[in-house]
Structure formats: structure tokens, C-alpha cells
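So the structure is just underneath, and the comments pick up after that.
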Amino acid sequence: MIDYNQFFTDAIDKLKQEGRYRVFSDVARYAGEFPKAKDVINNKDVTIWCSNDYLGMGQNTKVIQAIEDAAKSMGAGAGGTRNISGNNHAVVELEKELAELHQKDLALAFVCGYVANEATLSTLAKIMPNAITYSDQCNHASMIQGISAGRSEKHIFRHNDVEHLEELLSQADINRPKIIAFESVYSMDGDIAPIKEICDLANKYNAITYLDEVHAVGMYGPTGAGIAEREGIQDRVTIIQGTLAKAFGVMGGYIAADEAIVDAIRSYAPGFIFTTALPPSLAAAAKTSIAHLRKSDVERKGQQERAERLKSMLRQCNIPFIDSTTHIVPVMICDAELAEQASKILMDEYDIYVQHINFPTVPRGTERLRITPGPLHTDEMMEKLVEALCEVFDRLGVRGAGETEDKKAER
């Protein structure tokens, strides 16, 4: 007889031996008090430093009210797929808002960003005969999965390396359909893609561009449409993909593009056709959040100021981190077990919640604490965080920690 359970037990044991076994914290956020939350298991309050609710819009009173109003007037669920149950009006209004945000003909909402990427990229490759997909080396797992599912010829170009991308593009027939898939802000290092240069190559080699802006929408550009808007080149990007679950604080994913592209994805993508639609409450909340951030830059400015202040404090204490120009602050530990220990000590002893990031999310040897300061993190919270990091890193012997500028000057 086959012991099927042994397969799964062995797989879990392997993760534990490599220090990659994941334990999820049981955290309950307090409405209106972000980044404060309750550590349910230990029954104590903690401060969240790793949320993708980058601007705290999940706690915004207007957004919460929109959820309540839509649920009371239209019910809790969507009633099924849009193919069967039709478009609930809240989703129609959301898609109009998204199309206006990105200055595109149409937008299409999905249940999450992962599905938006997987469904769209796989369908693009199937619709265009003999297509080639060019993918950035650091693209998100959802993009990689979508490209693989499309079964088109694919090439991976070195991260943000336009020379390597051009080398690959130049080897293909100019008349073959080509898709260049990349992100604007890469979530683990916080670096930004050379969008203009990639669009230039797309024009030169007769390709379309697919830009994942999930870690930029809401936070960059005059109306929060992302890095492409900030750089004034949004019109040059063929397809923009985004999320409603990060800066907008709700849930869902989407694409925005020309009418023919969006209609084709709507009509052919199994990930859209066969998934239940967003419920009206989430769609209404997302629309409210987007509309607010299109007019208000208070949250964006606050986030950038907080991120720069935290980076300055980390430099003074010689805490090792990747110094990007974005809101993402990866504090480097470069050891899986030490990263897990640091995260646990911060939670248990300092009431600070910041999840450690290990392989396969990041390459082995680049393990880290991914910190995301936002406009609602106070100076007092930052001081406590940096002090705790110094003490914990000293205790664990993490390289580069605990030496202030004053101490270096004494040497």
C-alpha cells in the first residue's frame, strides 16, 4: 500500500530542515487604528510594519462606509460568474473608474491580481499566433505562471537590463507578435523599471508592452495611476495591470487597455470567465478608494516622507537595507534561520510585526525583513522599530547592524 501522507510529511520536513517553513501570525487589525493590531494568540497589541495596505486605505472611513452601503443595498455576494449572473452595477462603475485612472478605453476587474496576470498573459499568447514573450528575470510568480500557461516561445531578460532585452528582441523576426512583460516597482528590492526605454524597444521591434503596476498604483503619479503616469508615458504602455488590494486597501485585480484587447481577454480568458465576480461591496469600496486617491495626494506625500525618514534612521544605526527610491525598505539578513528568528523576537519581545521573507519569494542568501512604512506610522513607532532592530541584530550577529555614525566616527 502507498502511504500517501508520507509524501506530504516529507515535503513539509524538507521545508523545516531548510528553515523555510512558514508560520502565519493570527493578527486582527483594529478598524480606524492602523497600523495597530491585535496579536490574537498572545492577546496583545502590536504594530504592523509589513502590510501591503500601503496607505492605510483599508481603514479609510469612506471606504468602509462604501462597503456597508453596497452590502446593505445589493447583498454580500456577486451571485456567480459574470458570464452567468451578469455584471453587478458596482463592478461596472469600478471598471469605468479604472479606465479613467489609466486613460485607457476599458478596464476589466478580476478577483485578484494573481488571476489578472495569469489569465491575461496566458490568453494573450494563445490569441496571437506564433507569439514570443519576453519576461523580466524578477517578474512576479503570477506573471511567470501566466507566461508558462500561454505556452508561447519565451525569453527571460536580465533584470531591468534593456541591452539584454534588445539583444533578445533583435534575434526575432520583426513581424512575429511579441509581448514584453515587466513590472514598474519590484516588490522585494523596491527598484523601478526603465519603462521609457522598454517602450522605445517595443516600438523599434514591433512589440506590445504588459506592465504590472501593482506596487505603484495609488502611490505614484499625479492621480495615483502609477510610475508610468509619473513619467508621463502611460499612453505608451499597451496593457496596464494593477491591484485593488494594496494601496487601494480592498481586494481584486484588473487590466486596462484598448477596447479590442480588453474585450478579447473578457471573451477568451478562462481565469475571468469561470471565476466568481467581485462582490458589489468590494467593488464599491475599491471605486471609492480610487476616486479619493485620484484627488488627494496627502497619503502619497505622507508615505514618501515616512519612507525617507525611516531610511535615514536606519542609515544612522548602520542597519543593512536596500536603499531604493520607493516606499519599500528591504532590511537584509541574508540567512533563512536568522530572518525567521529576528521576525519572531520582534513579535514576541517588542510587539513589532514584520514578516520575514525567504526563498522562493527571494533568492537564497538574500533573506530579509520587508518593511513598508506608511503615512500612519508615527515618529515614536519608527524610533521603537529602529531601536528594536539594532538590539535584535546585535543579538543575532547580523552583519552591519548596531554601529551608529557616532560609533564609526570614534574609530
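The values are calculated or read from the model by the stated rules, or taken from the named source; none is laboratory data. Just so you know, these numbers come straight off a predicted model, no measurement behind them. Cβ: placed from backbone, ideal geometry, glycine included. Neighbour counts: every protein chain shown. For the accessible areas, the whole protein counts, side chains as well, though only heavy atoms, and no ligand, DNA or RNA atoms are used. Shrake-Rupley method; radii C 1.70, N 1.55, O 1.52, S 1.80 Å.
Key figures
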{"quantity": "Rh by Kirkwood over Cα pairs, then Stokes-Einstein D for the chain at 1.567 mPa s and 4 °C, µm²/s", "calculated": "57 µm²/s"}
{"quantity": "Range of Cα positions in the range 256-411 per principal axis (Å), largest first", "calculated": "66, 36, 29"}
{"quantity": "Value of relative contact order over the chain, rounded to a whole percent, pairs C-alpha under 8 Å and six or more apart", "calculated": "21 percent"}
{"quantity": "Subset of Lys14/Lys344; Lys14/Lys44; Lys16/Lys44 violating a 23 Å alpha-carbon distance limit", "calculated": "Lys14/Lys44; Lys16/Lys44"}
{"quantity": "Positive-pole candidate from Tyr186, Ser85, Pro35, dipole of the chain, charges at beta carbon", "calculated": "Ser85"}
{"quantity": "Order of exposure, largest accessible area first, which applies to Cys138, Cys50 with probe 1.4 Å", "calculated": "Cys138, Cys50"}
{"quantity": "Accessible surface, per residue, of the chain when the full set of protein chains is kept, probe 1.4 Å, Å²", "calculated": "45 Å²"}
{"quantity": "Degrees between helix 4-17 axis and first principal axis of the chain (Cα, 0 to 90, nearest 10)", "calculated": "50 degrees"}
{"quantity": "Linear extension gain, Glu305 paired with Asn5, 0.36 nm per residue minus alpha-carbon span", "calculated": "102.9 nm"}
{"quantity": "Degrees between helix 280-295 axis and first principal axis of the chain (Cα, 0 to 90, nearest 10)", "calculated": "80 degrees"}
{"quantity": "Listed pairs Lys62/Lys246; Lys38/Lys96; Lys62/Lys96; Lys178/Lys287; Lys96/Lys295 exceeding 28 Å between Cα atoms", "calculated": "Lys38/Lys96; Lys178/Lys287"}
{"quantity": "Area accessible to solvent at Glu153, 1.4 Å probe radius, in Å²", "calculated": "80 Å²"}
{"quantity": "Principal-axis tilt of helix 195-204 within the chain, Cα atoms, nearest 10 degrees", "calculated": "30 degrees"}
{"quantity": "Mean-position separation - Cα centroids, the range 256-272 and the range 122-199, in angstrom", "calculated": "19 Å"}
{"quantity": "Relative contact order (percent, whole number), the range 73-172, Cα cutoff 8 Å, 6+ residue spacing", "calculated": "19 percent"}
{"quantity": "Probe 1.4 Å, all protein chains present, accessible-area order of Arg266, Arg309, Arg151, largest first", "calculated": "Arg151, Arg266, Arg309"}
{"quantity": "With every protein chain in place, the chain: carbon and sulfur % of accessible area (1.4 Å)", "calculated": "51 percent"}
{"quantity": "Candidate residues Arg294, Arg158: accessible-area rank, largest first, probe 1.4 Å", "calculated": "Arg158, Arg294"}
{"quantity": "Asp45 accessible area, 1.4 Å probe, all protein chains in place, Å² to nearest 10", "calculated": "70 Å²"}
{"quantity": "Farthest positive-ward along the chain dipole, Cα basis, beta-carbon charges - from His356, Leu124, Ile12", "calculated": "Leu124"}
